[in-house]
Structure formats: C-alpha cells, structure tokens
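Each reported figure results from applying straightforward, stated rules to the coordinates on display, with no laboratory input. All values reported here derive from a predicted model rather than from experimental measurement. Every residue, glycine as well, gets a Cβ built from its backbone with ideal geometry; the counts of neighbours run over all protein chains shown.
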Number of protein chains: 2
Amino acid sequence: MGLAKTEMFTDQQNEIALFAKVFGHPARVSILQYLFKINSCICGDLVNQIGLAQPTISQHLKELKHLGLIKGNVEGTSVCYCIHTENWIKMKETMLQFLNQDISKIEDCC
Amino acid sequence: MGLAKTEMFTDQQNEIALFAKVFGHPARVSILQYLFKINSCICGDLVNQIGLAQPTISQHLKELKHLGLIKGNVEGTSVCYCIHTENWIKMKETMLQFLNQDISKIEDCC
DNA sequence: TTTGTTTATAGCAATATTACGATGAATGTT
DNA sequence: AACATTCATCGTAATATTGCTATAAACAAA
C-alpha cells in the first residue's frame, strides 16, 4: 500500500509523524544543521556542502519549506534560505511533548 | 532510487534520521504513547486500540524493537511490550541536541 | 492429542521516497 | 541581444514503506 491510514490517528499524532518524517533523511538533517550554523544560506552552498546533486537538494529544500521549517527569498539569481524561527519553536514544542513523556512511572515489567 | 546515501553524512546525522524515521508514522507514535500511558502492554491490546490489522501492528512493533526503543518478553501465549527506558533517554539526548540548536543567532535575513 | 489463542512471518500489491539527468525559468553580465 | 549563473521542475528508475491475507509457530487448555 505505502499509504499511511492517517484518518485513524489524532491530529497531534499525525503532526508529530509529519515532522519526524521530514527529519527522517540525513540530507535534511544536514541541511538544517548547516542553516543553523551559518544563519543564512544560498542554495549553491548546500550543493557543495552536501554531496548530492542540485535537483536533489532542491527537492529536500522544498519539503522543508512545505512544512514551514525554512523560508527562502529570491536574491538576484540565487535564493537565500534560512530557518523559520517561529515555526521551528512551534515544531519543537510538539516534538518535546512527545519525547518528554513521563518515563518515571514505567515499571520494568519485561 | 529510494535509497538514502548515508555514507556522505555523519554518524550523528544518520542516527537522528533513523530515530526520526521510526517516529515518521502515526501508528508508531500512537503505539509509543500508549506504552507510556499504561506502562506495560500486551500486543493484542494494541490491535484493539489502534485500528490496524494484527500483522501490521506486529510489523511496527518490530521496527520499534529493532531500534531498541521498546522491549518485549514472551508471557505465555502473549508478548509483553514496554518502553526501553535507558534507550529512550539516550535517543532523547540525541534528538534534543538536534532540536535545541541555537536559534538566537539566526538573523531574519529572508 | 486436539483445539483455541496469540503473535510472527511470508508474500503480495499499491503507493511513497530518493536521486539523477535534462530542461526550463529568472535574473544578471557582457 | 547573447550568454552565463542559479535554482526549480519534469520525467524516470530504483528502492522503501505500508498494509493486508494467508499461514506458521508457540503455547495453554480441554
């Protein structure tokens, strides 16, 4: 099938999964880390930084932009991409809620 | 291709991506949340809780177990699954390092 | 031993993802 | 205008993921 049955899960569960999915590829992790490191970016840099072809990088950037985690503005012939800080903070809250579930009550039954 | 070029990324980037990938499906998010909620579990419960077929749940559990996020012990005819607390904490540290990257220095250039 | 219960595995069809080459669109340079 | 540069999109091939049915395996109960 290859198609997740999203309708049987809560909005929050689907949201967590969507964010996680976009982090589920090392190229996108790498892109985000690089954007954090240099604070602003031109796509060409990324193609050199990461060893993938330009259309591949462009595709990954599109996914990140689609989820709102980065924003990009055209500057002449190049495009300036950077982290969308407000949305990153919102995403982080959602993910932290999931990661920080209370572990103290878990009995080591197994 | 469908195949990520992991060799061109750092171990840390690949590790983050692997953890994120497993959270990239709402069924697995749901399973983990349920395990946190009740602190111990029998697989049959999950099949009722989540609306997917038993083999599908079993497959998702396998992926979670493979990454070490849950552990399962056979108890008679059923299997008791629960959160692997030590590994969960380790995973959380890795993910937090990624999520908590310093956002304060980012200039709103775009 | 037969039967039922529970979970895992095999095999499959449908869809998604990843990556790239070729090409197009937009802008800058000469 | 002609050309170069940069990035996006299209089309395609290879592989991965999801979910199911059918079935096996392991154990308990009768």
Exercise for the section: Please report, in Å, the Rg and the Dmax of chain B, where both are computed over Cα atoms only. Expected result: 16.9, 61
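By its C-alpha gyration tensor, with a ≥ b ≥ c as the square roots of the eigenvalues, how is the protein assembly as shown shaped: rounded for a/c under 1.5, else prolate for a/b larger than b/c, else oblate?
Details: a/c = 2.27, a/b = 2.05, b/c = 1.11.
The shape class here is prolate.
For region A:1-107, state which GluC sites (Glu not before Pro) are in a DSSP loop and have at most 11 other beta carbons lying within 10 Å of their beta carbon. Walk me through the numbers on the way to the answer.
Values: sites: A:E7, A:E15, A:E63, A:E75, A:E86, A:E93, A:E107; in loops: A:E107.
For GluC sites (Glu not before Pro) across region A:1-107 that sit outside H, G, I, E and B with at most 11 neighbouring Cβ atoms in 10 Å, the list reads A:E107.
Let me know the mean shielding of B:72-79 by other chains, meaning the per-residue number of their Cβ atoms within 10 Å of its Cβ. Walk me through the numbers before you get to the answer.
Details: counts 1, 2, 1, 2, 0, 0, 0, 1.
Taking the mean over all residues of the peptide, I get 1.
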Practice task
Specify the residue with the greatest mean-square fluctuation among B:I50, B:I16, B:I38, computed from a Gaussian network of chain B linking alpha-carbon atoms under 10 Å apart.
Solution key: B:I38
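Among residues other than A:D102 whose Cβ falls under 13 Å from its Cβ, what is the net charge (Lys/Arg +1, Asp/Glu -1)?
Details: positive: A:K105, B:K37, B:K92; negative: A:E107.
Summing Lys/Arg as +1 and Asp/Glu as -1 gives +2.
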Fill in the blank from the handout: Projecting the Cα atoms of B:C43, B:L67, B:S78 onto the charge dipole of region B:22-98, where Lys and Arg contribute +1 and Asp and Glu -1 at Cβ, the residue farthest towards the positive end is B:L67
Exercise for the section: Would you mind calculating the gained length between B:N73 and B:K90 on full extension (0.36 nm times residue separation, minus the Cα-Cα distance), in nm to one decimal? Expected result: 4.0 nm
Handout entry: Degrees between helix B:54-66 axis and first principal axis of chain B (Cα, 0 to 90, nearest 10)
Key = 50
Handout entry: Distance (nanometres) between label positions extended 7 Å along Cα→Cβ at A:S104 and B:K65
Key = 3.1
Exercise for the section: Check the straight Cα-Cα distances from A:K5 and name the lysines below 29 Å, setting aside those fewer than 8 residues away within the same chain. Expected result: A:K21, A:K62, A:K65, A:K90, A:K92, B:K5, B:K21, B:K37, B:K62, B:K65, B:K71, B:K92
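Based on the Cβ-Cβ distance of A:L18 and B:C80, what FRET efficiency does E = 1/(1 + (r/R0)^6) give at R0 = 35 Å, to the nearest 0.05? Don't skip to the end; give the middle numbers.
Values: r = 31 Å, r/R0 = 0.88.
Rounded to the nearest 0.05, the efficiency is 0.70.
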